[in-house]
1. Which is farthest toward the positive dipole end of the chain among 26, 236, 303, measuring Cα position about the Cα centre, with Cβ charges +1 (Lys, Arg) and -1 (Asp, Glu)?
2. Using r as the Cβ-Cβ distance of residue 322 and residue 127, and R0 as 22 Å, what FRET efficiency do you calculate, to the nearest 0.05?
3. So how much slack lies between residue 307 and residue 224, counting 0.36 nm per residue of separation and subtracting their Cα-Cα distance, in nm?
4. With an 8 Å cut-off on Cα pairs and a minimum separation of 6 or more residues, tell me the relative contact order of the stretch 42-173 in percent.
5. For the chain, what is the charge dipole size about the Cα centre, in debye to the nearest 20, if Lys and Arg each add +1 at the Cβ and Asp and Glu each add -1 at the Cβ?
6. Near the amide H of residue 54, under 5 Å away, which other amide H atoms are found, from residues 5 or more places off or on another chain, if H is placed in the peptide plane?
7. Using a basic spin-label model with each label point 7 Å from the Cα along Cα→Cβ, how many nm lie between residue 18 and residue 135?
8. Could you list 242, 284 in order of exposure, starting from the residue whose Cβ has the fewest other Cβ atoms within 10 Å?
Amino acid sequence: MHVLVAPQAPRETGGPQLRLRRYAVVGLQLAAVTAAYYGSAKLGLEQQLVRGQVTPFWPPTGIALVALLLWGMRMWPAIAAGAFLVNVTLGPSLLPVIAIAASNTIAPVCACLLLRRVNFRPALDRLQDALALVFLGALVGMLISATIGTGVLVASDALDAEDFWPTWSVWWTGDAVGILIIAPLLLAARTIRRPDGVNVLRWVEAAALVAGTTAASLFVTRSSLNLLFLVVPFLIWAAFRFQLPGAAPCALIASVVAITAGAAGAGPFSGQDLLAKMVILQAFNGTVALTSLLLSATVAERNQTVRALREACERLSEALSQLVPDRTMDHRPTFRLEKHEDRK
């Protein structure tokens, strides 16, 4: 006699306590993103150039993109809340503030979707990931926030129509720099571990690299000569010797010093109008980001290839050692060649 038993539905993994814990973790993540967005926005507004709210350095975009990449699209309410809290105190009125906050939320969301479309890896250990972050995440994705935000200011009469393009250039530069500088720094921080047994000379080299990058950045941004390219060798040094964990902080130092000089109109930014300042600043920041990201990714790829080849050679050596018999167990007869004289 056969009895048919209906299959039981799979039990849910975890009980109410586990679900409550998950909700608590998500809530803490949302609160952390909102707080980080608001705090970094206040720092970025210290360099504002237009109407007290348009700055060439907007770190919240990098924080928002990293939060979306690592914790998922469920982080968008935290980004929207942070953007609203920042802009509500700046005006011009409630409806434009909501539109600007929406654009500041949509831009990183679209950038994240574009990066996922090309199978972006947050480790930034491939050249294609570095290129995707620069062009899709920063340069293309931030067109949305700059266009909508500047358009809202013009439509609400908070900005004259002839100031659209200069303001748009500052807005786009600030959002793009936030992606180019802050996002790699946060992504690199995930991979940093406490070093054990590191040679003291390595620490000395790292300190010399940071000091040299800072000194070179201060010099080239305060000099009347166009010497911005002198920062590049330090970025190359950082990328080759320390990869992204070393190149990202150096890129941050160079960009922040250049942005400060641009806001003050010092060095190569002296006597330039707003649009020219943004062109110079974006060209410099783009060069800094491309140099640090692309070289770091290239070196990381090379190291991965070397490790893979070494592992393949070790596996091949083990396989060959199993195929070749042990010489001590070899009992094959040996042959000796003797020389015989020809008989006459």
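Every number in this text was worked out from the coordinates using simple rules, so none of it is lab data. Computed from a prediction, not measured in an experiment: that's the story for all the values here. So basically every Cβ, Gly included, is an ideal-geometry build from the backbone, and we count neighbours across all protein chains shown.
1. 303
2. 0.05
3. Value of the extension gain: 25.2 nm.
4. 26 percent
5. 1200 debye
6. Excluding prolines and chain starts, which carry no amide H, the hits are 49.
7. Distance between the two pseudo-spin positions: 4.4 nm.
8. 242, 284
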